[in-house]
Every structure is written in C-alpha cells, then in structure tokens.
C-alpha cells in the first residue's frame, strides 16, 4: 500500500481488505484511474482487484451513466452499446465484467456478482428511487447471507458519490428537479427497442457533497487508506444513508453549495 506510484492487483485488493471489504459484500465504486499513478494492467486490474476483495459471493456495481441523454431529443439508451461517461474503470467494467445493466436512461448501473440482477432490476423510471441500486444498497444492513452494502471512492471525492442523490430524494429536498422524459427509449440486448418512460435529474441548485466530509470523517463513518497516489474511501451505505438523512432533516440545503445561507433564509421566512 505505501507510497509507490506503481500498484498492481494484489496491492489494490489488499488495500480494500484493509478498509474492511469482505467476501460476500456488495460495493458501489466511483473511481479515477489517473489518481492511482501507474496501475499495472490499467483499468482491468482495478476491476479485478475489487472483485477479488468481495469474492464470488459478493457483488460489484459501477456507474454506467449517459449524461448526454439529459437534454437530448428522442434518446435511446443501448444497454449493450452506450458507453459509460464517467471514467475508464467504469467502462472497462461495463464491457468486460458486468453481467447486468439497469435501464435508467441517464443513470444506469452495471453490476457483476451474486446480487447483480437483484440490485439492478426495476431501475428504469426514477434514477434514485427505492427501486434503484443506490437505495437497494442501503437496504443491505448487517449483511446476513448476502454481505453488507458499501460505497467506495477510489481517488475521487464525495462530489462523485451519486449515492447522496438517493438520500436527497428520500427526504425529499425541494431542488431535485426530476423532469419527465416521455420520448426516452431503451434498446435491449437482442435489438428490441422499448419505451423508457423515465425522469431525468435537473437540479435547481448546485450540490456540494464534500460538505459532508468533515462530519463523516470525524464520526468514523468513512474509512481511508492510500493506495499508490490515490486516497481510497469506504463507507457503509446503510449507516451513512441514515446519518446524512438526519442532517438533511436539520438543514434541507446541507448538500448544496448554498448550504447554511439557504437554511438561514428559510428559517427566517418561517
């Protein structure tokens, strides 16, 4: 784990085990390949290392987002062909390892492992709803027979953590901006094109999830370790979901750049 700029599969897997990932766990990964420094074998090595850490009984999920469809007319998400727009690791995972991809137009999720189908099925209409992989991950409480649900940030900060949008929707906050996309369609494996009937996320305020960093780190909810040049952060989905939701009940703007100022205006208005 050290400070060596070059890391391999075993080094990354060992770092993840040191953070607390165990066989049978489910983990949602946001990542930046370049932040590691040199990775022997590139993005494929990172994917294999995460899968090593959770083992064959575990599940790995990664974003397969397609933000170009947010404002496009007549968009068609091709389950097999539309690439992930959020980094090399997520795209290599989607094309080489994932066995399932959810059907949401802009925020689809790819997955491999024991719970891949369970965590991605039914994710079509709303990006962050109870049927989304983000909320289902938070429902994996103490593990039981299927392991715990985790969120892993590899070389990226909290602003890359889409999981927080599911917490916003659970309140819900007033600025989510879920906008219907009636002309959206999905091309299924095999070529059939079906209506997507989804809503896309067009928030009316700028989010800043890094505002949660101090609280989560101070309360010991986030575990951290260096691997190569990258800082790896791991947190339990269920516990962080409840903790951040409590913070949003106290201040509905806690995850925005406007934050405390908007809360002050709201309180004065009341």
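The values are calculated or read from the model by the stated rules, or taken from the named source; none is laboratory data. These numbers come from a predicted model, not from an experiment. All Cβ positions, glycine included, derive from the backbone under ideal geometry; neighbour counts span all protein chains shown.
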Q: Would you point out the residue of region 138-169, among those that are at pLDDT below 95 and part of a helix (DSSP H, G or I), that is surrounded by the fewest Cβ atoms within 10 Å (Cβ to Cβ)?
A: 145
Q: Find all pairs meeting these conditions: Cβ atoms under 7 angstrom apart; at least six residues apart or on different chains; first residue within region 98-126 and at positive phi; second residue crowded, with 20+ Cβ neighbours inside 10 Å and not in a loop (DSSP other than H, G, I, E, B).
A: 113/54; 113/59; 113/60
Q. Which one of these is within 25 Å of residue 222 (Cα to Cα) and crowded, with 24+ Cβ neighbours inside 10 Å: 25, 14?
A. 25
Q: Kindly list, by first and then second residue, each pair from a residue in region 7-25 that is free of Cβ contacts under 8 Å to residues at least 24 places away in the same chain to a residue that is surrounded by fewer than 16 Cβ atoms within 10 Å (Cβ to Cβ), limited to pairs with Cβ atoms under 8 Å and residues at least 6 apart or on different chains.
A: 14/1
Q) Which of the residues spanning region 65-86 are over 20 Å from residue 123 (Cβ atoms) and surrounded by 20 or more Cβ atoms within 10 Å (Cβ to Cβ)? A) none
Q: Any chance you could count how many residues in region 58-79 are at pLDDT 95 or above and out of contact with any strand residue (DSSP E or B) (no Cβ under 8 Å at 6 or more places or on another chain)?
A: 3
Q | When residues of region 1-21 are limited to those that are modelled with pLDDT of 95 or more and outside any helix (DSSP H, G or I), the one nearest to residue 119 (Cα to Cα) | A | 21
Q) Looking at this structure, is residue 94 farther than 30 Å from residue 196 by Cα, at pLDDT 95 or above and in a helix (DSSP H, G or I)? A) no
Q.
Filter region 34-64 down to the residues that are free of Cβ contacts under 8 Å to residues at least 60 places away in the same chain and buried (at least 23 other Cβ atoms within 10 Å of the Cβ) and list them by number.
A. 47, 49, 53, 60, 62, 64
